[in-house]
Amino acid sequence: MAYDLTLLSLPEVAMKHILERLDYPSIQRLRKTCQQFHHFIEYTSLDLHVEEVYLEFTPTKFVFAATFSPGHTTTLEYSGSCTIKKDSKEILIQGKNFQDVFWRDFELFARQCSIKTLDFNVKGEIVDWKLPRKIRTEEILSTWGFQENIMDIIPVLDEKSIKSIYIFIRERGMVFGLEEAVKLPQWKNAEKVSIFNGFVDGKIDNFAHFSDVTVTLEEFDLEDVMKIKNSFNNPKMTCFRLYFHNYEGHFNRIKEVLTEKFGQPEASDDATLWISEILNSKNFLQMRLLDDGLIFKRLEAKSAF
Amino acid sequence: MSVENAPVVDVDEAAIPVEKKMYYRFESNDKKEFRVSELAIQQSETLNRLVEAMGYTSEDVENKPAIAIENIDGKTLKLVFQWCEHHKGEAIPVDDGSVPKIVEIPEFDAKLMDIDNGLLFKLIWAADYLNIVQLLNVSCKKVANMAQGKTPAQLRRVYLLPSDEEDEAAKRAAQEAQDPRAREVEEEFEERKRQGGNSFF
């Protein structure tokens, strides 16, 4: 080691150490400094942490926005053949369509970054994922129109990383098919699922493994109440918010069933409450009946409600 | 300079052996000798294993030749051992793969690493070679901090990266390697460079 060292002469482990302590924009700038660095960054798997990523796919443009640290968001818009817009600047990459350039960039990003929250929006575009490895994200937030399917996104997420699935249905009242999704390891490994503004045609059994559920079922059976109660025998389950699609008449029917099973409800201002013991546990189950739903919550002790 | 005449550098400020501590002697590739406490050596996994394997007694460390570290020069090794003495007895961090990797640079380390970049890269090289986990952490963090907010041209200067001409030579070598993906990557690199140094971020 008598000769002078440069950054490029460091061992690969040390280079990786340095890159993993940089933010992604700095890495992108380093990538442009010289050929050797460009190659090193291209061919090295890094594990950079990104707070939030927003993806929007439409037939005419793709939008990628990433929050690398609080308050610092970079937004890139890919369109035409190919224009990349960042703030007021535009870059032209001639002779390439925007989809190809986007996938080239995003492939590198997905290989090197793990994401806390991925916000995924698709409008009238069938997404053809061109990724050699799955996207590492803890949370997925997705908004869906009528045509699209949850199967467009869930399979491309890394099953070891995913913890929460949030789905927002754009058209209120849409029935959301889950038959394929519930078979996926990503669904089975996630801990939390929330589906808003639409109805699910799945069965309660498909939700029993989560620790936190918010869902509106298209078809509701009184037996489902007991199934949800039993799902709390799984010590992981903490809260299950079940909303009714067509809730007219449900309130009285459920109230009758719960009163029959658990006795007279506790008095409460805005709802009707029952408390029940959870099998083989010191915890209690609180069941709160609302006009449009039934909320099950695990309590540490009976006095906690 | 012969080994016998080489100055012996005590890097431990409290090195006067009041209590019975074992001090090992190491020699850099430019024949500088260092006396390093047993506890400080534990910061380096490589050296710690080496001395354990040697099984030296307190007489051996005085009478046998200094242990040669052939890949590291005296200037770098002095920094390494100063760091080890200052942090002796501290727990060695375990990389559990967690993100984000947060590293604070203590004041002592910041002063120690207030050196030119060439020497800083040598220090990183040595920390990696001797497997000193926390020294590698802080020195890499220091190098990473230097990149914040810099343009590609500034980064080239800070990190002593090759100029465009030297880069050309590297490019030709890569083309000769005949890797189809490498060629694609190069074309894109050139295209983006042409579009402006500060393009995407």
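Just one of the listed residues (B:K75, B:K64, B:K31) is of a type in the set (D, E, K, R), on the phi < 0 side of the Ramachandran plot and within 13 Å of chain A (Cβ to nearest Cβ), and it is B:K75. Within segment A:189-201, if we keep just the residues that are in a loop (DSSP other than H, G, I, E, B) and buried (at least 19 other Cβ atoms within 10 Å of the Cβ), the residue that is modelled with the lowest pLDDT turns out to be A:G198.
Here's the yes/no breakdown for (1) closer than 28 Å to B:E33 by Cβ; (2) assigned by TED's automatic domain parsing to the domain that holds B:N48; (3) in contact (Cβ under 8 Å) with a residue 60 or more places away in the chain:
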site: B:H86; (1), (2), (3): yes, yes, no
site: B:V94; (1), (2), (3): no, yes, no
site: B:I102; (1), (2), (3): no, yes, no
site: B:P106; (1), (2), (3): yes, yes, no
site: B:Y129; (1), (2), (3): yes, yes, yes
site: B:V138; (1), (2), (3): yes, yes, no
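Only one residue in B:K75, B:K32, B:K21, B:K64 is farther than 26 Å from B:A110 by Cα and at pLDDT 85 or above, so which one is that? Result: B:K64 is the single residue among B:K75, B:K32, B:K21, B:K64 that is farther than 26 Å from B:A110 by Cα and at pLDDT 85 or above.
I'd like the full set of residues that are modelled with pLDDT of 85 or more and over 15 Å from A:Y24 (Cβ atoms), limited to segment A:71-86. First the steps, then the outcome.
Filtering segment A:71-86 for residues modelled with pLDDT of 85 or more gives A:73-86.
The answer is A:E77, A:Y78, A:S79, A:G80, A:S81, A:C82, A:T83, A:I84, A:K85.
Checking the conditions here, which among A:K96, A:K85, A:K16 is assigned to a loop (DSSP other than H, G, I, E, B) and more than 8 Å from every other protein chain (Cβ to nearest Cβ)? Break it down into steps so the answer makes sense when it comes.
Numbers: A:K85 fails: assigned to a loop (DSSP other than H, G, I, E, B); A:K16 fails: assigned to a loop (DSSP other than H, G, I, E, B).
That would be A:K96, the only listed residue that is assigned to a loop (DSSP other than H, G, I, E, B) and more than 8 Å from every other protein chain (Cβ to nearest Cβ).
Would you list the strands (runs of 3 or more DSSP E) that sit entirely within segment A:215-295 and hold 1 or more residues that are hydroxyl-bearing (S, T, Y)?
Here the list reads A:239-244, A:272-277.
Here A:Y3, A:Y54, A:Y43 are screened, and the one residue that is at pLDDT 85 or above, over 18 Å from B:G149 (Cα atoms) and of a type in the set (S, T, Y) is A:Y54. Of everything in segment B:103-151, what is more than 9 Å from every other protein chain (Cβ to nearest Cβ), surrounded by 21 or more Cβ atoms within 10 Å (Cβ to Cβ) and not in a helix (DSSP H, G or I)? Give them in sequence order. Of everything in segment B:103-151, those that are more than 9 Å from every other protein chain (Cβ to nearest Cβ), surrounded by 21 or more Cβ atoms within 10 Å (Cβ to Cβ) and not in a helix (DSSP H, G or I) turn out to be B:L130, B:I132. When A:L242, A:L290, A:L222 are checked against the criterion of being surrounded by fewer than 17 Cβ atoms within 10 Å (Cβ to Cβ), at pLDDT 85 or above and under 30 Å from A:I150 (Cα atoms), a single residue qualifies: A:L290.
So if I check each of A:L30, A:L46, A:L55, A:L5, which one is facing chain B (nearest Cβ under 8 Å) and surrounded by fewer than 22 Cβ atoms within 10 Å (Cβ to Cβ)?
Values: A:L30 fails: surrounded by fewer than 22 Cβ atoms within 10 Å (Cβ to Cβ); A:L46 fails: facing chain B (nearest Cβ under 8 Å); A:L55 fails: facing chain B (nearest Cβ under 8 Å).
Just a single option satisfies the conditions, and that option is A:L5.
The values are calculated or read from the model by the stated rules, or taken from the named source; none is laboratory data. Quick caveat: nothing in here was measured; it's all calculated off a predicted structure. Every residue, glycine as well, gets a Cβ built from its backbone with ideal geometry; the counts of neighbours run over all protein chains shown.
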